[in-house]
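One structure is given here, and the rest of the page talks about it.
The values are calculated or read from the model by the stated rules, or taken from the named source; none is laboratory data. None of the values given here were measured: they were computed from a predicted structure. Neighbour counts run over all protein chains shown; Cβ positions are idealised from the backbone, glycine included.
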């Protein structure tokens, strides 16, 4: 069937391409021709191997030999040695840094696959609109096992032993939460799935609901069994129509199979699920706000205690967990707590899904064991920084998190390590920033978000965040003073210390973490009146290099405010007092004579 | 508040939706979603009707409507354009795309073009960060939008 | 509609669907049936996955290739949407990224018909916990 | 009761389980500053959103500061209420609130009574380092209440009063974040909403965001106008509270000083609304007996119970919320309006002046009275029966303005004929008083026997809903009483569903009745003040020589000379009214 005997796979991911993988392809093809192997060997460009640190990467098929840090000069040797003579080119093989063993077969290189998919186990494998495919992959077996072979206490013990912590951000032990709700006596209890993924730049929950809705339904039913709730509610963003659609189909199918409804698996347990829609309020990710929203009220939070586990939806004990947390439950029951707790770090077990985005090559949804480092995530899985720029910071935890820098890259990620460096796990957004991103502007961006999303109930969040934003605005406008930095810091601490809910208690984190890690950048704004990243418009100045300018007048003609003057064939000048920094002149200049200072 | 005459059949439909929700005040947000689906937006009279049918005060309904950004009291354009201003889109240049839309449509965020064809708004993350920057027009999602693409996108709807 | 009334029912059902799916995937004509999964989450659809799925369904028929085209959720390679996974009988699944109709046609002509790999393969970058799959 | 032991500021404290840190601290004399928190004992008003964050304290082992008003004491807690961390946080929070508050204290209606102002003083705020945008909202000037939401600090007390206590539901927080504020639907003016103007929102507002519409200068203008004869009437509850404005102990009766002050202010005639209260009893009592007797004789077309109608906020309430029941309340006007109608007919005739040349001013504990006086049905050819209704607070302001040393004024009497009243008229000012006054008269008319005792203590008290059966010489009359509109709603729902077996129900919109009205001196959450005012009212009643309305000699004379008989033709014309369906209903 296959015409070619050999395939040479060359990584053409952005990272490898930057290190001349295209030239490798060319050289390989030439070598193949030189050796008259055109009918036997084919060179194929692939996407990123997720091993960019050692790129460019070349993989020989069918024997799976994996060559790293290949240069264009190596191409002919690969063909003559590996293909023609059948000998491996040892110097290009990967050496395991721990064991110093040379590894040639990529099948043995499982460790290079930094990702393990547990919560995402079915995403991309099954048709989410077909319950049969879910069942074929052991779907609903965990529910069956729980209902027919285990007591609620046993199930909860299994979850506690697994060490699973809430994936919505807080990291509260899930089993413990279930146990608290179970122990409260009430005629009616509820379990709720928090699918109000509001963190801008995060899409873990959407992907799970779109790719594997049944896992959430199954886990909610298990939760209902454990806590004594007969009703489940999914609070989902109205902005996720596809996830809603698939969830509806899945609920219908589960009902048809009797996996939701009366006497599930022939037991006494009855359980059904309803959907409630969010309407665009980030604060509704906070569980008391979410409950208010489900009750038809403004999504304002309540002071805790009482916790929802005591008094939640309609005043009844309510267990709220997030989508990703639920998605972990069925596998834990099937594979056992020991299996799960073997993955991850001492205090954070299992994996975490991250939505990797921003200035990184391989934007995507990834799932890594707790304890993976940021470097592995950004440079190996993420394929490094876009356009070969320099890594500057990575923002985790969304508007509640902080910016981490170069010095944090090798810290194993888990709940506690991120908190210790002034950020947090959050729901799993991970935004990578490069040298062009101004950290003051970044903090301002997040504050703008918080100001817009603050519910307005408590003073520090309602007015304090507004003032934080105003001070940051002032700084990015070049009007900030050193005193403003002191105000910024005091206000940030007070907002964290006094706000009513998690939104306000964490909203200054982007400010504090950037002030901590990029103090010089703040100083540059207020003392020197400069934005080192060149992002703050007010601090920029467009200038024409008189050496490079030929006086073609193109710039002065395109300038919308007539800020550029100069005689024909003479060097032109931009009047900074008139210039609105639109950048039109720079775009038009054919001689690269205009730059930003 | 200008009184806009709402079509009776739609009012009837809304009443039925509310009845289906058992006229339960707890279902207010679902009722408002339905109402916005029916009328395209939530003018005062619709809110009054929802309040009446869901057994809550009009002030309460208004308080809820103004709390959630998904609800709108002004009619949207025939093709509502939303620019994602989530972090992923922001760092990949959503602001420039927004500026281009503002320039070409000659409207501000939250406004509708005089011909009622387009309205412009910002939203926070549609969860398609892989395609940043993202723009949605109606139900359609445009990914990896560069300022140069804005013209093409608009032309698609201008015929 | 069959109701699942016990864990045994579920196991039987699982085995039944498994063989039914296997049949669909491999069939009696295991030599010929190709399986294509299209990643159809919001990202995928926004980048044109629906059109690609329709294209494959129509083109397989046009070009008289027996195959099954199904949708699935996010494969995680959002940067490379639309992505599809092609499983030739007896072969490991291969994922292709940035699939437009031109690429789709090339995949059909070269990979599906002749087994030649084409540019745009995305190497699997994660492990699954499903033991059968990792085998 | 389970108790918990804890330490506050190094002192051991033992409190019942469920006690908040705020209350626990208070029990050992530590007053933690608070702002949004407010609880009115004996009513169901409790506002503790935990939103202002002024009362934060440090709890050992806790990551962040805890709001004392919302945090329950737990065993072994170690609490510090004034560490540097707490003080800095509290001051910063206060500075933030002030950074979004207008700086017009000097000319603010609430100056001197403003809780925000006194807290800023207490915390010694001398500078606001956080400068920035200030909120601006649409103003709202209804006939009774002025809303200046730029001064709103989002304490949410008004929302609690309007929605939870009064169940009127015209207020809600709107928008979110920095733009959030309390408003009506669509930010419409209050007089386009179903507001009852009970003024309870004003009574609890800590700042100048909610105040009454001030008519004092219009009154002064009328007084100095030589063409006008200015007549003033004062409601019963005013005399029991006015003294507070001049530093007197709550519950001090200042009837005589008040009459003296009014005379000093230049009013031509100083009369008493209590006189009109007696008149109300004549009309309402007669109507009650008429309905009752018809009902007892088998006339099923007669509607019972009869509901009192002297509270204008209550009238607004049922016109908006229970219009289908608008035939049940008594058709008798409120004492304020009866007074106006009699003054501008009977008394104007007596003086031989045109009604247009007479200006009737009422001093009321109430803001709804301002609205009531503007009702079109209460004017003749555009001339209102009551020209201006001012609150107890406004009268106090006028007295201060005129440089009158209130405390040292000698007691004076009201003028005649409209200044004479009985004890029955006085007790109108407290919850249960109207119905007690009605019983005193109705009993004697119905049974034609003198009452064995005058004090119906079973009708008195602060319980939100009360009931009692009075023996009308063998005929048991069931009486219901509600104060607070939320309580009224409960009684009304029962009447609507046929569950009620009352013959007569008294309803007052404000907690405690008129003594707790929206126009009274601010109580700042101290409900003892209301109890003392009520006690003063009953004290005045007990001291009155005549305590039954039908024995008021001037009332008797009024019927003889002018009106004829109660519920007669002229009475109907002048003293009775009808109600409107004001419910906004969208028909489909």
Condition check for residue D:173: part of a helix (DSSP H, G or I) and surrounded by 24 or more Cβ atoms within 10 Å (Cβ to Cβ)
no
Restricting the search to the range B:67-89, which residues are within 7 Å of another protein chain (Cβ to nearest Cβ), under 16 Å from residue B:136 (Cβ atoms) and in a helix (DSSP H, G or I)?
B:88
Screening A:550, A:543 for residues that are touching a strand residue (DSSP E or B) at 6+ places or on another chain (Cβ under 7 Å), surrounded by fewer than 24 Cβ atoms within 10 Å (Cβ to Cβ) and either farther than 25 Å from residue A:284 by Cα or not assigned by TED's automatic domain parsing to the domain that holds residue A:407 (or both) leaves only A:543
Tell me, please, whether a residue that is surrounded by fewer than 16 Cβ atoms within 10 Å (Cβ to Cβ), more than 37 Å from the chain's Cα centre (by Cα) and within 13 Å of chain A (Cβ to nearest Cβ) can be found in the range D:72-79.
yes
Just checking, does the range C:68-78 include any residue being in contact with a helix residue (DSSP H, G or I) (Cβ under 9 Å, 6 or more places away or on another chain), away from every other protein chain (no Cβ under 11 Å), modelled with pLDDT under 90 and surrounded by fewer than 24 Cβ atoms within 10 Å (Cβ to Cβ)?
no
Residue by residue through the range A:228-276, note down the ones that are assigned to a loop (DSSP other than H, G, I, E, B) and under 22 Å from residue B:84 (Cβ atoms).
A:237, A:238, A:239, A:240
Given D:186, D:197, which one is at pLDDT 95 or above, surrounded by fewer than 24 Cβ atoms within 10 Å (Cβ to Cβ) and either touching a helix residue (DSSP H, G or I) at 6+ places or on another chain (Cβ under 7 Å) or part of a loop (DSSP other than H, G, I, E, B) (or both)?
D:186
Scanning the range B:121-134 for residues that are outside any loop (DSSP other than H, G, I, E, B) and either free of Cβ contacts under 8 Å to residues at least 24 places away in the same chain or facing chain C (nearest Cβ under 10 Å) (or both) gives B:129, B:130, B:131
Just one of A:156, A:208 is more than 30 Å from residue B:124 (Cα to Cα), part of a helix (DSSP H, G or I) and either modelled with pLDDT of 95 or more or at the interface with chain C (Cβ under 10 Å from one of its Cβ atoms) (or both); which is it?
A:156
Residue pairs meeting the criteria (Cβ under 7 Å; at least 6 apart or on separate chains; first facing another protein chain (nearest Cβ under 8 Å), in the range A:299-319; second part of a loop (DSSP other than H, G, I, E, B)):
A:299/A:281; A:299/A:455; A:300/A:455; A:300/A:457; A:303/A:500; A:303/D:50; A:303/D:70; A:314/A:295
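Tell me which residues, restricted to the range D:446-465, are over 20 Å from residue D:532 (Cβ atoms) and either under 22 Å from the mean Cα position of the chain (by Cα) or not assigned by TED's automatic domain parsing to the domain that holds residue D:289 (or both). Lay out the reasoning, then the answer.
Within the range D:446-465, the subset over 20 Å from residue D:532 (Cβ atoms) is D:446-454, D:456, D:458, D:465.
Matches in the range D:446-465: D:465 only.
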Go through the range A:117-143 and count every residue that is over 29 Å from the mean Cα position of the chain (by Cα) and surrounded by fewer than 24 Cβ atoms within 10 Å (Cβ to Cβ).
3
For residue C:53, are the conditions met, namely being more than 28 Å from residue A:62 (Cβ to Cβ) and in contact with a strand residue (DSSP E or B) (Cβ under 6 Å, 6 or more places away or on another chain)?
yes
Determine which single condition residue D:579 fails, assuming it passes every other condition in (1) touching a helix residue (DSSP H, G or I) at 6+ places or on another chain (Cβ under 9 Å); (2) part of a loop (DSSP other than H, G, I, E, B); (3) surrounded by fewer than 17 Cβ atoms within 10 Å (Cβ to Cβ).
(3)
Tell me which residues, restricted to the range A:58-95, are under 33 Å from the mean Cα position of the chain (by Cα) and free of Cβ contacts under 8 Å to residues at least 12 places away in the same chain.
A:95
Checked against (1) more than 20 Å from residue A:453 (Cα to Cα); (2) within 10 Å of another protein chain (Cβ to nearest Cβ); (3) out of contact with any strand residue (DSSP E or B) (no Cβ under 9 Å at 6 or more places or on another chain), residue B:57 satisfies every condition except (3)
Given the structure, is residue D:510 surrounded by 24 or more Cβ atoms within 10 Å (Cβ to Cβ) and part of a helix (DSSP H, G or I)?
no
Just one of A:269, A:265 is surrounded by 22 or more Cβ atoms within 10 Å (Cβ to Cβ) and either more than 30 Å from residue B:131 (Cβ to Cβ) or in the same structural domain as residue A:403 (by TED's automatic domain parsing) (or both); which is it?
A:265
Got a sec? Which of D:533, D:547 is in a loop (DSSP other than H, G, I, E, B), crowded, with 18+ Cβ neighbours inside 10 Å and modelled with pLDDT of 95 or more?
D:547
Are there strands (runs of 3 or more DSSP E) fully within the range A:315-426 with at least 3 residues that are closer than 30 Å to residue A:187 by Cβ? List them.
A:318-322
So residue C:91, is it more than 9 Å from every other protein chain (Cβ to nearest Cβ), assigned to a helix (DSSP H, G or I) and either surrounded by fewer than 19 Cβ atoms within 10 Å (Cβ to Cβ) or touching a residue at least 12 places away in the same chain (Cβ under 8 Å) (or both)
no
Specify which of the listed residues (D:525, D:519) is assigned by TED's automatic domain parsing to the domain that holds residue D:235 and modelled with pLDDT under 95.
D:525
Matching residues in the range D:16-33 - criterion: being buried (at least 22 other Cβ atoms within 10 Å of the Cβ) and either in contact with a helix residue (DSSP H, G or I) (Cβ under 8 Å, 6 or more places away or on another chain) or farther than 24 Å from residue A:457 by Cα (or both)
D:24, D:25, D:32
If I filter the range A:180-201 down to residues being assigned to a loop (DSSP other than H, G, I, E, B) and in contact with a helix residue (DSSP H, G or I) (Cβ under 6 Å, 6 or more places away or on another chain), which single residue comes out as farthest from the other protein chains (Cβ to nearest Cβ)?
A:189
Any pair with Cβ under 8 angstrom, 6 or more apart, that starts in the range C:107-118 at a residue that is facing another protein chain (nearest Cβ under 9 Å) and ends at one that is part of a helix (DSSP H, G or I) and modelled with pLDDT of 85 or more
C:116/C:110; C:117/C:110; C:117/C:111; C:118/C:103; C:118/C:106; C:118/C:107; C:118/C:110; C:118/C:111
Subset of the range D:58-77, residues more than 12 Å from residue D:24 (Cα to Cα) and assigned to a strand (DSSP E or B), comes to D:58, D:59, D:66, D:67
